[in-house]
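The values are calculated or read from the model by the stated rules, or taken from the named source; none is laboratory data. Keep in mind the model is a prediction, meaning the values are calculated, not measured. Ideal geometry is used to build each Cβ from the backbone, glycine not excepted, and the neighbour counts take in all protein chains shown. Note: areas computed on protein heavy atoms with side chains; ligands, DNA, RNA excluded. Shrake-Rupley method; radii C 1.70, N 1.55, O 1.52, S 1.80 Å.
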Amino acid sequence: MIYYIFKEQIFTIFLSMAHLTAMTFPTKVFDYVGGQEGDFKIYELNKRKSLVIEAKRKDINRNFIVFEKDGKYHFNIKYDEALSNKDIVLMDAKSCGLYSIIKETKKYQLFECPKSLLIVNKARKKLKVNDFYISKKKFISKGPPVWVDEKLVYYKGRAL
């Protein structure tokens, strides 16, 4: 699955005890930090462009940072068999001018672009999207799960 990521946004990777999770980055990984000993094991592959994570226990909920030469990715690593990821390719997200609506509720509209999502808040109150709040509208990363007010609304490339 391709994840188009805005590097200033935090996203979530889900692990499983049944399989490994591979993440391939656009450039070489120089370093990474996060979790605690015993949470998971990390294998560096593909000339340090890929990290493969093996869950070692089920109660994982950790912050993680991967450093590249010209930037870094912040994300959460959590254990969840139902939402677990296997193969993730990370690419840079881009805002766009052409998009199509994929979900609409009384509170928000969710639009899809080739390399990002656009969420528009229709309410007067701020909208909680993943771990941040939106007053009016914002381009967000495409690929990772999206929660709006703690409800999963986008998963594995489609609106729910």
When residues of the range 126-160 are limited to those that are among the aliphatic types (A, V, I, L, M) and out of contact with any Ser or Thr (no Cβ under 9 Å at 6 or more places or on another chain), the one farthest from TYR73 (Cα to Cα): LEU160
Test: LEU98 is out of contact with any Lys or Arg (no Cβ under 6 Å at 6 or more places or on another chain), over 19 Å from ILE2 (Cα atoms) and either of a type in the set (A, V, I, L, M, F, W, C) or part of a strand (DSSP E or B) (or both): yes
Unique match (being under 19 Å from the mean Cα position of the chain (by Cα), farther than 24 Å from PHE132 by Cβ and of a type in the set (A, V, I, L, M)) among ILE77, ILE53: ILE53
Top-ranked residue of the range 120-154 - restricted to ones that are exposed (fewer than 14 other Cβ atoms within 10 Å of the Cβ) and part of a strand (DSSP E or B), ranked as modelled with the lowest pLDDT: PHE132
Breaking point among (1) hydrophobic (A, V, I, L, M, F, W, C); (2) open to solvent by 70 Å² or more (accessible area, probe 1.4 Å); (3) touching a Gly at 6+ places or on another chain (Cβ under 8 Å); (4) over 23 Å from LYS138 (Cα atoms), for MET17: (3)
Residue identified as among the aromatic types (Phe, Trp, Tyr) and open to solvent by 10 Å² or more (accessible area, probe 1.4 Å) among PHE64, PHE75, PHE25, PHE6: PHE6
Condition met for MET91 (in a strand (DSSP E or B), in contact with a Lys or Arg (Cβ under 9 Å, 6 or more places away or on another chain) and open to solvent by 50 Å² or more (accessible area, probe 1.4 Å)): yes
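Every residue, every condition in (1) in a strand (DSSP E or B); (2) over 18 Å from GLN9 (Cβ atoms); (3) at pLDDT 95 or above; (4) more than 15 Å from the chain's Cα centre (by Cα), yes or no:
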position: ASP31; (1), (2), (3), (4): yes, yes, yes, yes
position: GLY38; (1), (2), (3), (4): no, yes, no, yes
position: GLU44; (1), (2), (3), (4): yes, yes, yes, yes
position: ASP59; (1), (2), (3), (4): no, yes, no, yes
position: ILE65; (1), (2), (3), (4): yes, no, yes, no
position: GLU81; (1), (2), (3), (4): no, yes, no, yes
position: ASN85; (1), (2), (3), (4): no, no, no, no
Counted residues, the range 33-42 - those being farther than 20 Å from PHE6 by Cα, in contact (Cβ under 8 Å) with a residue 12 or more places away in the chain and open to solvent by 50 Å² or more (accessible area, probe 1.4 Å): 2
Residues within the range 94-119 that are modelled with pLDDT of 95 or more, open to solvent by 30 Å² or more (accessible area, probe 1.4 Å), over 23 Å from HIS74 (Cα atoms) and out of contact with any Phe, Trp or Tyr (no Cβ under 6 Å at 6 or more places or on another chain), tallied: 8
Condition met for THR27 (touching a residue at least 12 places away in the same chain (Cβ under 8 Å), part of a strand (DSSP E or B), hydroxyl-bearing (Ser, Thr, Tyr) and under 21 Å from LYS142 (Cβ atoms)): no
